[in-house]
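Single-structure report; data block below.
Derivation of every value follows stated rules applied to the coordinates shown; laboratory data play no part. Worth saying up front: this structure is predicted, and the values here are computed from it rather than measured. Positions of Cβ are backbone-derived with ideal geometry, glycine not excepted, and every protein chain shown enters the neighbour counts.
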Amino acid sequence: MPDTSPKRRIEFWSGNEVIAEAAITAGCRFFAGYPITPSSEIAHLLSQRLPMIGGKFIQMEDEIAAMGAVIGASLTGAKVMTATSGPGFSLKQENIGFAAMIEAPCVVVNVMRGGPSTGLPTALGQSDIMQARWGTHGDRPVIALTPAYLDEVYTETIRAFNLAEKYRTPVFIMIDEVIGHLSERLDLPNDDEILIVDRIRPTVPPDQYLPYDTSNGDVPPLADYFSGYRFHMTGLNHDRSGFPTTDPATCQRENERLMRKVDANLDDIIRFETTFTDDADIIVIAFGSSARAAAVAVADARDKGIKAGLFRPLTLWPFPEKEVREFAVRVKGLVVPEANLGQLVFEIERLVEGKCPISRVNKVGGVPIYPGEVLAQIEAIN
Amino acid sequence: MALKYENFLRMEHIPHMWCPGCGIGIIVKAMLRAMETLEWDKNDTAMISGIGCTSRAPGYLDMNTLHTTHGRALTFATGIKLARPDKNVVVISGDGDASAIGGNHLIHSCRRNIDITLIIVNNNIYGMTGGQFSPTTPVGSRAATAPWGSIDPPFDLSQLCKAAGATYVARGHVGAAAPLERLIRGGLKHRGFAVIEVLSNCHTQFGRRNRLSDPVELINHIAAKTINIREAAKLSREELKDKIIVGLLHEEQREEYCDAYDKLILKASAAAHH
């Protein structure tokens, strides 16, 4: 039968370019950034593209300022993004916590490089995984996405905006330098294949509006500044009206609600891909460039008659806990390759509870993990 | 004309949390009177603050208000203004918030000349955190972290802002409310980055450690140190040595950032259609 589906647009972009283009498709009209390798191409492209469509790009005086500016713009109703790498991600953390606290939708891209400190600015790392989870002070919900292939970078970037809007929270796109800088063919989805989500805005009259009104669920409607809804926002603990409170019961209730926005919606937020995991004796768990190497290793293992599989989280936080717990009781072992000295493996060890052995593959020299290195661990378990 | 407080204040959040006698009440009132005179619509006005005593002001004001992180108010304000250049954006900050932790944002906002009005409540001390010395604490003054007297040379905030490119720079003090209101009104009207530095009293933290714990005494002390810019013009440098010049210190017209951005959009969108 002839293929009658509408032709898809084909592009050949780098990962960083994909993020910029997808952000525009998702409705991003405000970007604030600060130069940092290896994420700068995102800013380069958006400084060109956003003004062409009436959007705003601003290069701020530092990383902290860039984070502040996007939160401010978000409150006017704009869809917003900033992009950085490890050191800048550290600098942004206080304001990321602020965005989580006031519940301002925003997307933060971290193109991860080697660390700590200045580390390896032009080479890959995957060592900001725990920084994404725990980087800001205080407890707050975290959504972090880790696409590994560029068509997926496109769709996951759009999803990042959708999740930020839907749950009124910062969303991280965590790619590594390899994904940011490699170029490959993309078959872009057609417009009718793309879902765009906008934040829920209030329907009550302005004088009845509460910026943290949870009568219709854990995610309160958010009014735009200057829309006639005059409201207050603060990084202090606050009640439903948005004004500061130190009432223990209110603080407890509101902090728990923040967490529940994510914890009660895991099925909506968590996305992963499985390859040959159904009958696998050995499962590799990997994300980003390490997952691309792992995919090759798993295929090679199958060629050798080893029942290997790949579990590839696209949502890194909240982590797909249920699936990993299920693997732990039925496989001979797990392999966790990551371009750091062992971060994701902590989470996996926590879930596995010693029920199966876990092999690590860790590299921090700025070169990617290679398929052979993953295959060697698969063979060792087998 | 008397200010109609209930038009501007969130009366349900009054009384405020500031110490009795704090100068910030005079400053906020001067600002509200200026806004009232200019007939600013509170739906079209955003007030943004960072951290410190001053940062609590927006919470009492019935506008679009945002209480942000320490030192960063101008960054949030920049995002708001650039996203909505047609609206009024005002930042209120203290000396520590604006010029220590927020110093980088201060000078770059001046350089950019974005149409934001910044009111700096300069009381020479970190009040809320317990009286530590700030970048404007005079040498020799005592503070919680300068028990032997401060040795850190202070900033002249107005000169700093002028040098960094602010296109409206004024300094007033809480001992002269009517001139202060005029200076703030000028800043609100000005198209570009406007700074109004207001010398204010923290008798609780600064005064208590420097034998000026009575608010009226401290306000008089501040007033006695000031000299109007017109009077100052008649005096020699030697005569002005220990004086702080107040009034409209600098005003110029230079392209405002959002205006420049509009032109950039025209250029970019024209290119997009070719």
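Table for the structure above
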| quantity | calculated |
| --- | --- |
| Mean projected area (nm²) of the alpha-carbon convex hull when the stretch A:152-194 is viewed from all directions | 3.6 |
| Nonlocal amide H pairs with B:VAL195, under 5 Å, H built at 1.01 Å | B:LEU118, B:TYR168, B:VAL169, B:ALA170 |
| Antiparallel %, DSSP beta bridges [both residues in chain B], to 5 | 20 |
| Estimated vicinal HN-Hα couplings, Hz - the stretch B:50-59 in sequence order (Karplus 6.51, -1.76, 1.60; Gly, Pro = x) | x, 10, x, 4, 4, 5, 7, 4, x, x |
| Exposed GluC sites (Glu not before Pro) absent: longest stretch of chain B, with sites in DSSP loops and at most 11 other Cβ within 10 Å deemed exposed | B:40-237 |
| Candidates A:ILE358, A:ILE158, A:ILE42: whichever shows maximal mean-square fluctuation once chain A is modelled as a Gaussian network with Cα springs under 10 Å | A:ILE358 |
| Theoretical ellipticity at 222 nm over the protein assembly as shown - DSSP helices of four or more residues, -39500 (n - 2.57) apiece, nearest 500 | -11000 deg cm²/dmol |
| Approximate spin-label separation A:THR274-B:SER236, in nm, with each point projected 7 Å along Cα-to-Cβ | 9.0 |
| HN-Hα J in Hz across the stretch A:120-130 - Karplus 6.51, -1.76, 1.60, θ = phi - 60°, x for Gly and Pro | 10, x, 9, 10, 6, x, 10, 9, 9, 4, 6 |
| Using alpha-carbon coordinates, inclination of helix A:371-381 to the longest axis of chain A, degrees | 70 |
| Sparsely packed trypsin sites (Lys or Arg not before Pro) within the stretch A:1-92, loop by DSSP, other Cβ within 10 Å at most 14 | A:LYS7, A:ARG8 |
| Cα extents of the protein assembly as shown along the three principal axes, largest first (Å) | 94, 60, 50 |
| Selected from A:GLY305, A:GLY180, A:GLY288 as most flexible by GNM, with chain A as the system and alpha-carbon contacts under 10 Å | A:GLY305 |
| In the stretch B:214-274, the trypsin sites (Lys or Arg not before Pro) that fall in loop regions by DSSP, at most 16 other Cβ within 10 Å | B:LYS234, B:ARG237, B:LYS241, B:LYS243, B:ARG254 |
| Hits among aspartates and glutamates - C-alpha to C-alpha of A:LYS307 under 16 Å, sequence gap 8 or more where chains match | A:ASP278, A:ASP279, A:ASP281, A:GLU379 |
| Per-pair calculated FRET efficiency, R0 = 30 Å: B:ASP156 and B:ASP44 via Cβ, rounded to 0.05 | 0.35 |
| DSSP bridge pairs, chain A: antiparallel proportion in percent, nearest 5 | 30 |
| Cβ-based net charge around A:VAL324, under 11 Å, with every Lys or Arg adding one and every Asp or Glu removing one | -2 |
| Above-threshold pairs, the threshold being 20 Å between Cα atoms, out of A:LYS7/A:LYS79; A:LYS79/A:LYS166; B:LYS162/B:LYS267 | A:LYS7/A:LYS79; B:LYS162/B:LYS267 |
| For the stretch A:83-99, Karplus couplings with θ = phi - 60° (6.51, -1.76, 1.60), whole Hz, Gly/Pro x | 9, 7, 9, x, x, x, 4, 4, 5, 7, 4, 4, 6, 5, x, 4, 4 |
| Where labels lie 7 Å past Cα in the beta-carbon direction, separation of B:ASN220 and B:GLU255 in nm | 5.3 |
| Built amide H within the under 5 Å cut-off of A:GLY77, gap 5+ | A:TYR225 |
| Per residue convex hull volume, Cα atoms of the stretch A:11-77, in Å³ | 82 |
| Degrees, to the nearest 10: A:150-167 long Cα axis against longest axis of chain A | 40 |
| Full-stretch length increase - A:THR246, A:ARG260 - with 0.36 nm per residue and alpha-carbon distance subtracted | 3.0 nm |
| Top of A:GLU41, A:GLU21, A:GLU11 by mean-square fluctuation, Gaussian network on chain A, Cα under 10 Å | A:GLU11 |
| Burial ordering of A:ASP151, A:ASP268, A:ASP207, fewest other beta-carbon atoms within 10 Å first | A:ASP207, A:ASP268, A:ASP151 |
| Candidates per GluC sites (Glu not before Pro) in the stretch A:337-382, loop by DSSP, up to 14 other Cβ within 10 Å | A:GLU353 |
| Among beta bridges that DSSP assigns inside the protein assembly as shown, antiparallel share in %, nearest 5 | 25 |
| Furthest towards positive pole of dipole, B:TYR168, A:VAL374, B:VAL90, structure part the protein assembly as shown, Cβ charges | B:TYR168 |
| Amide proton proximity set for A:ILE58, modelled H, under 5 Å, gap of 5+ | A:PHE31, A:ALA32, A:GLY33 |
| On Cα atoms only, tilt of A:63-75 relative to the major axis of chain A in degrees | 60 |
